[in-house]
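Enquirer: Supplied in structure tokens, the structure appears directly below.
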Amino acid sequence: MAQPNQTFPQEALSAAAGCWALVLGRPDAARHFDFSPRGVLGSFIALLLAVAVSVFGPQLLGVPAPAGAATSAAILAALLFALQLGAAYFTLRAMGRLDGFMPYVVADNWVNFFVSLLGTISVVLLGGSDIMLLVVGIVSIVVEVNIARRIVTLAPMQVAIFIVVQIAAQLAGLLLLGGLMLQAMPPGA
């Protein structure tokens, strides 16, 4: 496990190594994350930074967006995150594996931070190409599977159930919440 008395930048560097280990599927990925209460707090700080970077970062770097788009994106991200956590919690509880919930949250928060950072950089440098979106999507699925395998230590069938439930919750939330947000936007926005 990562050292519990690290500064935030040290924790971020350690988590970056853990995220890379998850991309590669290495069995020692968990040792890079701090699963203590302090580490959980640090991962939520990283998650808040991730949301800020992904929704406001491109605008700050000169990429234009419609008025209110960043706020809508932040609200949608928060609601989808709550759905994802709820799906993970209830699935792990049904499996009798609630011991893996907080480690899952820590690893997933840090992964979201680094994906948001890389996504913002790619939008600014490459203009948000569809190929980059596809690559990020595939890598995200691989990382989620490896979080379930290497961090939560689920069995193969449990991994499949865990991932399917999360994808279903996210898709349902995106369709429902995204549709509601589109209806709430004024015409021409």
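The values are calculated or read from the model by the stated rules, or taken from the named source; none is laboratory data. Nothing here was measured: the structure is a model prediction, and the numbers come from that model. Quick reminder, even Gly has a Cβ in these numbers, built from the backbone with ideal geometry, and neighbours come from all protein chains shown. Accessible surface is based on the protein model in full, side chains and every heavy atom, while ligands, DNA and RNA are left aside. Shrake-Rupley method; radii C 1.70, N 1.55, O 1.52, S 1.80 Å.
Enquirer: Cβ-Cβ below 7 Å, separation at least six or inter-chain, first residue in the stretch 74-101 and in a helix (DSSP H, G or I) and at pLDDT below 95, second among the polar types (S, T, N, Q) and open to solvent by 40 Å² or more (accessible area, probe 1.4 Å): which pairs?
Expert: LEU80/GLN170; LEU83/GLN170; GLN84/GLN170
Enquirer: For the subset of the stretch 146-164 comprising residues that are crowded, with 18+ Cβ neighbours inside 10 Å and among the hydrophobic types (A, V, I, L, M, F, W, C), which member is farthest from THR120 (Cα to Cα)?
Expert: Top of the filtered list is LEU154.
Enquirer: Condition check: surrounded by fewer than 19 Cβ atoms within 10 Å (Cβ to Cβ) and touching a residue at least 24 places away in the same chain (Cβ under 8 Å). Does VAL136 satisfy that?
Expert: No.
Enquirer: Just need a number here: residues in the stretch 100-133 that are open to solvent by less than 60 Å² (accessible area, probe 1.4 Å), within 26 Å of ARG38 (Cβ to Cβ) and of a type in the set (A, V, I, L, M).
Expert: 5
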